Amino acid sequence: MTVALRFDADGRMRSITRMAQSQQMLQPALLPLSQTHWLAFSRDGSPQRRIRVSQTVDAGAHWLDAPNLDLPNPDSSVATLRLPDGTMLLAHNNTSEGRHILDLSASVDGRQWQHMTTVAQGGAGTEYSYPSLEWADQQLWLSYTDQRRQIAWQRFAVV
C-alpha cells in the first residue's frame with residue numbers, strides 16, 4: 001500500500017494518507033505541478049504493466065487515482081523531476097518485461113511523454129534500474145543501478 005506522510009516544520013507527523021486505491025502501486029515518485037497539485041508515478045505490480053498515477057490537489061492531504069500513463073512498466077521504480085523551465089522528466093524502464101532498457105522522457109503536462117534518449121540498453125539478463133534524477137550546476141544528473149552491482153551516472157546539458 002502506498003501512503004503519504006505529512007510532517008510539520010518541527011518534524012512531527014501531521015497525517016498519514018493512502019495515495020491510491022490500488023494495492024499494486026509501489027515506490028511513488030512525486031512530481032509537483034504547483035504548491036498544492038502533485039502527481040505521483042509508481043511502479044505497477046499488476047498484470048497491466050503500466051506506470052500508475054495518482055494525484056493530489058490539496059498538498060497531499062487527499063489523493064485520487066488518475067489514469068495510468070501509456071508507458072510500459074516492468075514492475076520497476078521510476079524517477080521524476082521538474083526542471084526550472086517547467087519541463088518534466090521521467091526516467092523509466094520502457095518495456096513490459098525486464099529492465100534492460102532505461103529511457104529518459106519529457107513532458108509539458110505530466111500526462112503525455114516524449115522519448116528524449118535511451119540512457120542504457122543491454123541484452124537479455126542485463127538490468128538498469130532504480131533511477132534517480134537531480135538538477136545541479138545547470139545540468140541534469142541521472143544515476144541508476146547497473147546490474148545491481150554498481151551505481152552508474154550520466155550528466156546531461158539540457159537546452
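The values are calculated or read from the model by the stated rules, or taken from the named source; none is laboratory data. Computed from a predicted model, the values in this text were never measured in an experiment. Please note: Cβ atoms are built from the backbone with ideal geometry, for glycine as well, and neighbour counts cover all protein chains shown. Just so you know, the surface numbers come from the protein's heavy atoms only, side chains and all, with ligands and any DNA or RNA stripped out. Shrake-Rupley method; radii C 1.70, N 1.55, O 1.52, S 1.80 Å.
Look through 133, 140, 81 and report the one residue that is in a strand (DSSP E or B) and farther than 22 Å from residue 2 by Cβ.
After applying the criteria, what remains is 140.
Are there any pairs with C-beta distances below 6 angstrom linking a residue in segment 142-159 that is over 22 Å from residue 127 (Cβ atoms) to a residue that is among the polar types (S, T, N, Q), with the two at least 6 apart or on different chains, and if so which?
Close Cβ pairs (under 6 Å, with a partner that is among the polar types (S, T, N, Q)) amount to 157/139.
Could you give every pair whose Cβ atoms fall below 8 Å, whose first residue belongs to segment 36-64 and is without any contact (Cβ under 8 Å) to a residue 12 or more places away in the chain, and whose second residue is outside any loop (DSSP other than H, G, I, E, B), counting only separations of at least 6 or pairs across chains?
Between residues of segment 36-64 that are without any contact (Cβ under 8 Å) to a residue 12 or more places away in the chain and residues that are outside any loop (DSSP other than H, G, I, E, B), the close pairs are 64/54; 64/55; 64/56.
For every residue, the table says whether it meets (1) closer than 28 Å to residue 121 by Cα; (2) in contact with a Lys or Arg (Cβ under 8 Å, 6 or more places away or on another chain).
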residue	(1), (2)
48	yes, no
56	no, no
62	no, no
70	yes, yes
83	yes, no
88	yes, yes
103	yes, no
108	yes, no
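Run down 98, 45, 86, 122 and say which single residue is in contact with a strand residue (DSSP E or B) (Cβ under 8 Å, 6 or more places away or on another chain) and within 26 Å of residue 6 (Cα to Cα).
Criteria check complete, one pass: 45.
Check residue 59 against each of (1) on the phi > 0 side of the Ramachandran plot; (2) under 15 Å from the mean Cα position of the chain (by Cα) and name the one condition it does not meet.
Unmet for residue 59, out of (1) on the phi > 0 side of the Ramachandran plot; (2) under 15 Å from the mean Cα position of the chain (by Cα): (2).
Of all residues being open to solvent by 20 Å² or more (accessible area, probe 1.4 Å), in a strand (DSSP E or B) and of a type in the set (Val, Ile, Thr) in segment 98-121, which is farthest from residue 49 (Cα to Cα)? Just the residue, please.
117
Consider only pairs whose beta carbons are under 7 Å apart and that are at least six residues apart or on different chains; among these, list those whose first residue lies in segment 68-87 and is within 22 Å of residue 101 (Cβ to Cβ) and whose second residue is of a type in the set (Phe, Trp, Tyr) and open to solvent by less than 20 Å² (accessible area, probe 1.4 Å).
So the pair list comes out as 78/41; 80/41.
I'm told residue 59 meets every condition in (1) surrounded by 15 or more Cβ atoms within 10 Å (Cβ to Cβ); (2) more than 22 Å from residue 152 (Cα to Cα); (3) of a type in the set (Gly, Ala, Ser) except one. Can you identify the failing condition by its number?
Failed condition: (1).
Between a first residue in segment 5-21 that is touching a residue at least 40 places away in the same chain (Cβ under 8 Å) and a second residue that is among the polar types (S, T, N, Q), which pairs have beta carbons less than 7 Å apart while being 6 or more apart in sequence or on different chains?
Listed by first residue and then by second, the contacts come to 6/15; 19/2; 19/54; 20/2; 20/54.
How do the pairs read when you match residues in segment 96-112 that are farther than 17 Å from residue 152 by Cβ with residues anywhere that are in a loop (DSSP other than H, G, I, E, B) and hydroxyl-bearing (Ser, Thr, Tyr), using Cβ under 6 Å and keeping only pairs 6 or more apart or on different chains?
Short answer, once both residue conditions are applied: 106/87.
Mind listing whichever residues of segment 122-142 are open to solvent by 90 Å² or more (accessible area, probe 1.4 Å) and on the phi > 0 side of the Ramachandran plot?
137, 138
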